[in-house]
Amino acid sequence: MDTQPRKNLEVFAEVKKLLALAMPLMLVHLLLFFLQVISVMFVGHRGELALSGASLATSFAFVTGFSLLLGMGSALETLCGQAYGATQHHMLGIYMQRRILVILRQDPEIAAEAGIYARFMIPSIFAYGLIECQIKFLQTQNIIKPMMLTTGITLLLHVLSCWILVLKTDLGSSGAALANALSYWINMFLLAAYIRISPSCESTWTGFSREALSDIPRYLRLAIPSALMSCSEIWSFEMLVLSSGLLPNPKLETSVLSISLNTSAVFHTLSEGLGGATSVRVSNELGAGEPQSARVAARAATLLATGEGTLIAVFMILVRKVWGHCYSNEATVVRYVAEMLFFIAGSHFIDAHKCVVTGIASGCGLQKKGAFVNLGAYCLLGLPTGMVLAFVYHIGGKGLWLGIIVALSAQTLIYLVVVLRTNWDKLAMKAAERISS
């Protein structure tokens, strides 16, 4: 029987593996997020009206299109991760092709009602979906550095394209949307070129195959719950901003909550990277038939989430009085942001753990349970609590954010119970059945 020192050494070794995977993955998510941020920042130089329109269109497009594709990508974390762990390398390319076939059925009218900016973002949605395929395909093989390189190159080119299309032409906000599309397609083609020519992918990408046309329903059985897991959370955060417009002094509340949401999203990319690394490690070990190693990976990831969540929360509290100046020179906005950062710090600490337990669930293929957990946590607990606190008890934007904290807490606790009750041996057998079928 393993002694406690030996178990501690196993956890420490797993922490090192997770950090090696999570750190570059965090940077990839952060750089991708900044593509949208930089576009909106360039549009902001053309006036408040252009900024408001671009922000609204970006939010609408993300809610109706990007979040759906992001969520469906979680299915690839399970399928590709377990297949790679089982050394069924050729299946990674097949799974990615099935995902692409689903993406190409996206309705091009998805952003038509969002105005000119959103219409010009339609090409971005297709490219974003393909990039998500490539990211999941590569991260499940622990191939992260090429993604860092291609995303970094894309971001530098994006600044240049925004400068030309927004400030040096008459395209205005449409130019920013076109710059987004151009950058996403550049990133997609760079990743595609790497997958095509790199020796690292020669066993996992063997070219297009008719096999991808078969068994798409099996993929959808994981993809649809995955999308519900992601969308229910993202939509709830967007509802928070929309609801702030109904509060007294809506201009102040909406501005501060938009800043809060943006701040939360920036630091969420770090937790998202850790969650993605957790999913890879858990799915790889289950696919390899090593349930105890998957359990050690889950335990190590939880420890890392505590450390990351604590560090970022402390950082937010320390910079709370100056953070608002990054977005506004209005004293009332800066003061309000400083107060909100206490709430954002608390929500991020919980979110770090939520991302890890969600990553464990995705690695195990528990997306169906996750969909019900997320819908219940946000729709039945979080949003109603936030509305009551904001509009009945008149706590305002802080009340809305407290609703999100309640949802995150419920979500994390339920996932934690599910993980603690997990039969890892049974999940390893299920992974073997999934791969063999």
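If a residue counts only when it is more than 21 Å from the chain's Cα centre (by Cα) and at pLDDT 85 or above, which helices (runs of 4 or more DSSP H) contained entirely in segment 104-199 have at least 3 such residues?
145-162, 173-197
Name every residue in segment 152-211 that is surrounded by 13 or more Cβ atoms within 10 Å (Cβ to Cβ), β-branched (Val, Ile, Thr) and under 19 Å from Ile135 (Cβ atoms), in order of residue number.
Ile153, Thr154, Ile186, Ile195, Thr204
Could you go through segment 343-352 and let me know if any residue there is touching a Lys or Arg at 6+ places or on another chain (Cβ under 7 Å) and either part of a helix (DSSP H, G or I) or surrounded by 16 or more Cβ atoms within 10 Å (Cβ to Cβ) (or both).
yes
Where the second residue is surrounded by fewer than 19 Cβ atoms within 10 Å (Cβ to Cβ) and modelled with pLDDT of 90 or more and the first is under 14 Å from Leu156 (Cα atoms) and lies in segment 174-188, which pairs have Cβ atoms under 7 Å and are six or more apart or on separate chains?
Ser183/Leu157; Ile186/Leu157
If you take the residues in segment 322-341 that are outside any helix (DSSP H, G or I) and not acidic (Asp, Glu), which one is modelled with the highest pLDDT?
Top of the filtered list is Asn329.
Tally the residues that are touching a helix residue (DSSP H, G or I) at 6+ places or on another chain (Cβ under 6 Å) and charged (D, E, K, R), restricting the search to segment 399-437.
So the answer is 1.
Taking segment 394-424 on its own, how many of its residues are touching a residue at least 24 places away in the same chain (Cβ under 8 Å), in a helix (DSSP H, G or I) and not hydrophobic (A, V, I, L, M, F, W, C)?
Counting residues in segment 394-424 that are touching a residue at least 24 places away in the same chain (Cβ under 8 Å), in a helix (DSSP H, G or I) and not hydrophobic (A, V, I, L, M, F, W, C) gives 7.
Here's a check for you: in segment 353-369, which residue that is of a type in the set (A, V, I, L, M) and under 16 Å from the mean Cα position of the chain (by Cα) is surrounded by the most Cβ atoms within 10 Å (Cβ to Cβ)?
Restricting to residues being of a type in the set (A, V, I, L, M) and under 16 Å from the mean Cα position of the chain (by Cα), the top hit is Val356.
The values are calculated or read from the model by the stated rules, or taken from the named source; none is laboratory data. The structure displayed is predicted, hence computed values, not measured ones. Neighbour counts are summed over all protein chains in view; Cβ atoms, including those assigned to glycine, are modelled from backbone coordinates with ideal geometry.
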